[in-house]
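What follows is a short report on a single structure.
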Amino acid sequence: MDEQYTSRLEQALRTTHFAVTAELGPPKNADAEVIRAKGDLLRHCADALNITDNQTAIVRMSSIAGAQLLMQQGIEPVIQMTCRDRNRIAMQSDLLGAHALGVRNVLCLTGDHMVGGNHPEARKVFDLDSVNLVAMVRGLNEGKFQCGEELKPAPRFFIGAVENPFAPPYEFRPHRLKKKIDAGAQFIQTQMIFNVTRFKDFMAHVCELDLHERAFILAGVGPLKSPGMARYMRDNVAGMEMPDELVKRMEGTPKDKWRAEGINICVEIIEQMKDIAGIAGVHIMSIEWEEAVPRIAAQAKLLPRPHELETEDVAQPALH
């Protein structure tokens, strides 16, 4: 592999048994120190950090700018790019600019609708969907703009996509994943997993289609903060399956232990992911609770990460 064009995440997935990515939410302001502080907190815990792209359609610092700040700290970023806000011209322009700055990983998403964000009156774009965005990035890698014009020199992105095993019809989800892999997705991050039984069934079908041989699949996991969060996910979040037993478990936990128990549940799920055929690692989504990620990574015995040269123990932060 050409080290200049191969991301550390790609190398980790190709050479290590169980990879880890984590999510970093940019601030709703222009304060670079927020990115730097979160980067310092998470750098020991993951092989690469996702920088979200105006998640939930709320205006935040640019994913590409956040990625550049992380790279200044020696941290591997994964930029997210949604189809909601840009047409194909703007997306290709941003991708070329990101590559010129050193970005090698891109996660392609359709994007949350603006009706739930802080600018519901904004015009939607959705010039492409996530499958077509994946195909467009693959085309750039192959030296072609989306319009067919030649692109020299071609960039080399490690292309990611997302999949939700919990959105009905369930039997369709592995085939939707196949469309993304056929389009060029090289790694997949899934929706947050709480219903492990359903996820095992999804992965069995994924393996029947040999999709795990064609792309690296990272299982999405994350900690619960409270019984209220568990109930909200169960009752209000489309495409999220929260088992009643986990809600009851959180409800039966003393208030001062809620967050610790939420981390325990996340660690238990990670341990189960290690035993599922076709899983290449986990993607930890802490939803503005980045302080939990080092605790999760340590308890799940995911440390140290291969790229870390330090041998000393990483201090564990308090559960805020």
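Readers should treat all values here as calculations from the given coordinates under stated rules, not as data from a laboratory. Note that the structure is a prediction, hence the values are computed from the model and not measured. Neighbour counts run over all protein chains shown; Cβ positions are idealised from the backbone, glycine included.
Laid out as a table, the results:
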quantity: Residues that are without any contact (Cβ under 8 Å) to a residue 40 or more places away in the chain and either surrounded by 20 or more Cβ atoms within 10 Å (Cβ to Cβ) or in a strand (DSSP E or B) (or both), drawn from the range 142-162; calculated: LYS144, GLU150
quantity: Breaking point among (1) in contact with a Gly (Cβ under 8 Å, 6 or more places away or on another chain); (2) under 21 Å from GLN191 (Cβ atoms); (3) not in a loop (DSSP other than H, G, I, E, B), for VAL115; calculated: (1)
quantity: Filter pass, ARG138 being in a loop (DSSP other than H, G, I, E, B), surrounded by 14 or more Cβ atoms within 10 Å (Cβ to Cβ) and charged (D, E, K, R); calculated: no
quantity: Top-ranked residue in the range 80-104 [being in a loop (DSSP other than H, G, I, E, B) and within 16 Å of PHE126 (Cβ to Cβ); ranked as farthest from the chain's Cα centre (by Cα)]; calculated: ASN87
quantity: Neighbours by Cβ (under 7 Å, 6+ apart or cross-chain): first from the range 182-206, within 21 Å of ILE284 (Cβ to Cβ) and in contact (Cβ under 8 Å) with a residue 60 or more places away in the chain; second among the aliphatic types (A, V, I, L, M) and assigned to a helix (DSSP H, G or I); calculated: ALA185/VAL134; PHE187/LEU13; ILE193/ILE269; PHE194/LEU246; VAL196/ILE269; VAL206/LEU177
quantity: Spans of helices (runs of 4 or more DSSP H) in the range 177-265 with at least 1 residues touching a strand residue (DSSP E or B) at 6+ places or on another chain (Cβ under 9 Å); calculated: 196-208, 227-236
quantity: Residue pairs meeting the criteria (Cβ under 6 Å; at least 6 apart or on separate chains; first closer than 23 Å to ALA183 by Cα, in the range 100-118; second small (Gly, Ala, Ser) and assigned to a loop (DSSP other than H, G, I, E, B)); calculated: ARG104/SER7; ASN105/SER7
quantity: Check on ALA122, crowded, with 18+ Cβ neighbours inside 10 Å, of a type in the set (A, V, I, L, M) and not in a strand (DSSP E or B); calculated: no
